[in-house]
Amino acid sequence: MDRRPGRGGTRAEQLRAAVTTDVLERLRALCMSMPKATERQSHGEPAWFVGRSPQFATFADHHHDDRVAFWAAGPPGAQQDWVSRYPGRFFVPPYVGGRGWIGVYLDVEQDWDEIADIVADAYHAVASR
């Protein structure tokens, strides 16, 4: 069965695909608004970089769970702050969490002004290296 939006699948799968596309486009717009930001695939997901490198954010859909999220580089202390205050909205992502990256669930209600700030902080944390 073809699982692409509008091509079959259950109603729940079609709804999830539509929501995923919407939040990906919103996130993409925020990331690409950063100076010198580029986008390319990394590990099968859209990811955003400062120029040719390094990476400051990545979309995370179907990454060992059924959640839609993104991971962003974080300034010192930001990960602990977000995750401890809002554990239903933020998490420590696998692989990069040990380096202070912040996981942000996009399948729950989020404040997109906060997400814009997280993206900007991620960009500046990486661009300043």
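No value in this document is a laboratory result; all are computed from the given coordinates. If you're wondering where the values come from, they're calculated on a predicted model, not measured in any experiment. Because the Cβ atoms are built from the backbone with ideal geometry, glycine has one as well, and the counts that use them run over all protein chains shown.
Its Cα gyration tensor gives region 11-127 an equivalent ellipsoid. The semi-axes, each the square root of 5 times an eigenvalue, are 20, 17, 13 Å from largest down. Modelled this way, with points 7 Å down the Cα-to-C-beta line, the labels at residue 112 and residue 40 are 2.9 nm from one another.
Against the chain, whose longest principal axis is taken from its Cα atoms, helix 112-127 shows a tilt of about 50°. In this structure, residue 29 and residue 53 have a Cβ-Cβ separation that, at R0 = 22 Å, corresponds to a calculated FRET efficiency of about 0.55.
For region 20-77, a Kirkwood radius taken over Cα pairs fed into Stokes-Einstein (4 °C, viscosity 1.567 mPa s) yields D = 110 µm²/s.
The residues 68, 104, when put in order of fewest to most other Cβ atoms within 10 Å, stand as 68, 104. Tally Lys and Arg at +1 and Asp and Glu at -1 over the other residues with C-beta under 11 Å from the C-beta of residue 72: what net charge comes out? So the environment of residue 72 carries a net charge of -2. Build a GNM of the chain with springs between Cα atoms under 10 Å apart, and of 44, 74, 97 the one that fluctuates most is 44.
DSSP loop (so not H, G, I, E, B), at most 16 other Cβ within 10 Å: list which trypsin sites (Lys or Arg not before Pro) in region 26-69 pass both filters.
Hits after loop and neighbour filter: 36, 52, 67.
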